[in-house]
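Have a look at the structure below before the remarks.
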Amino acid sequence: MITLYTYWRSSAAFRVRIALNLKGIDYEPRFVNLVRDGGEQNQPAYREINPQGRVPTLVHDGHVITQSMAILEHLEGAFPNPRLLPADAFDRAYVRSLAQTIVSDVQPLQNTSVTQYLTGQLHLHEQQLAEWLRVWITRGLAAFEAKLVAAGNTGRYCHGDQPTLADCCLYPQVASARRFGVDPAAFATIMRVTAACDRSDAFVRASPENQPDRA
């Protein structure tokens, strides 16, 4: 039995939903609204499950797993087919480095908790916040694009012709870029990979606009 605590607009939960769909894993979604009534992630009942108060949280056979990359790695180990990490050790490291470019260096800087602090505590106005988001998202996508262009193994997807954890992380970030007013069209390889994801039911079903808890 797998339960996923998720929020429709969370890009971290989005990437886990993609992986679950790609692997054909049935799961029970439990919705945590990050903005209603000060954020349901702050309620004591959820903090008992995830003390950090973030989504996603995965519960598998009674074991609680937090942090999206830890969840993705767990799913890869527990449900190895289809593979989302290559067999070769160097290729696995490359795919992980692509994923971490998004997960560690870009997405945290656009988190709701970060943007709320910037506006609420540091009093950034709307234009300043938009500039903050534009700078960090653009830098991250530019680095990701450069890696894809330099690699000799970029195919329909980030690595070869089958989706990997890198695609699970890139696709939500491109959606977030558009949401925050950053046009990713300048990054041709990213756009080509994203177009391939657009044709995959696993990616489309995981998208925010197709979630039952969409506001």
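In this structure, is Asp167 closer than 21 Å to Pro184 by Cα and touching a Cys at 6+ places or on another chain (Cβ under 6 Å)? In short, yes. Collect the residues in region 172-208 that are under 16 Å from the mean Cα position of the chain (by Cα) and more than 21 Å from Thr115 (Cβ to Cβ), keeping them in residue-number order. Hits for region 172-208 are Ile190, Val193, Thr194, Cys197, Asp198, Ala202, Phe203, Val204, Arg205, Ala206, Ser207.
Do we find a residue being small (Gly, Ala, Ser) and over 30 Å from Glu40 (Cβ atoms) anywhere in region 121-141? Looking for residues that are small (Gly, Ala, Ser) and over 30 Å from Glu40 (Cβ atoms), one finds none in region 121-141, hence no. Evaluation of Cys197 against the conditions (1) under 23 Å from Gln110 (Cα atoms); (2) modelled with pLDDT under 95; (3) in the same structural domain as Pro108 (by TED's automatic domain parsing) shows that the sole unmet condition is (2). Based on what the data block shows, is Pro86 out of contact with any Lys or Arg (no Cβ under 6 Å at 6 or more places or on another chain), closer than 26 Å to Asn21 by Cα, of a type outside the set (Asp, Glu) and in a loop (DSSP other than H, G, I, E, B)? So Pro86 fails the test.
Could you tell me whether region 100-108 includes any residue that is farther than 20 Å from Leu34 by Cβ, within 19 Å of the chain's Cα centre (by Cα), in a helix (DSSP H, G or I) and not β-branched (Val, Ile, Thr)? Yes, region 100-108 contains at least one residue that is farther than 20 Å from Leu34 by Cβ, within 19 Å of the chain's Cα centre (by Cα), in a helix (DSSP H, G or I) and not β-branched (Val, Ile, Thr). Considering (1) among the aromatic types (Phe, Trp, Tyr); (2) touching a residue at least 12 places away in the same chain (Cβ under 8 Å); (3) assigned to a helix (DSSP H, G or I), the lone condition that Tyr117 does not fulfil carries the number (2).
The values are calculated or read from the model by the stated rules, or taken from the named source; none is laboratory data. As the structure is a computational prediction, the values presented were derived from the model and not from experiment. Cβ coordinates were reconstructed from backbone atoms using ideal geometry, including for glycine residues, and neighbour counts include every protein chain displayed.
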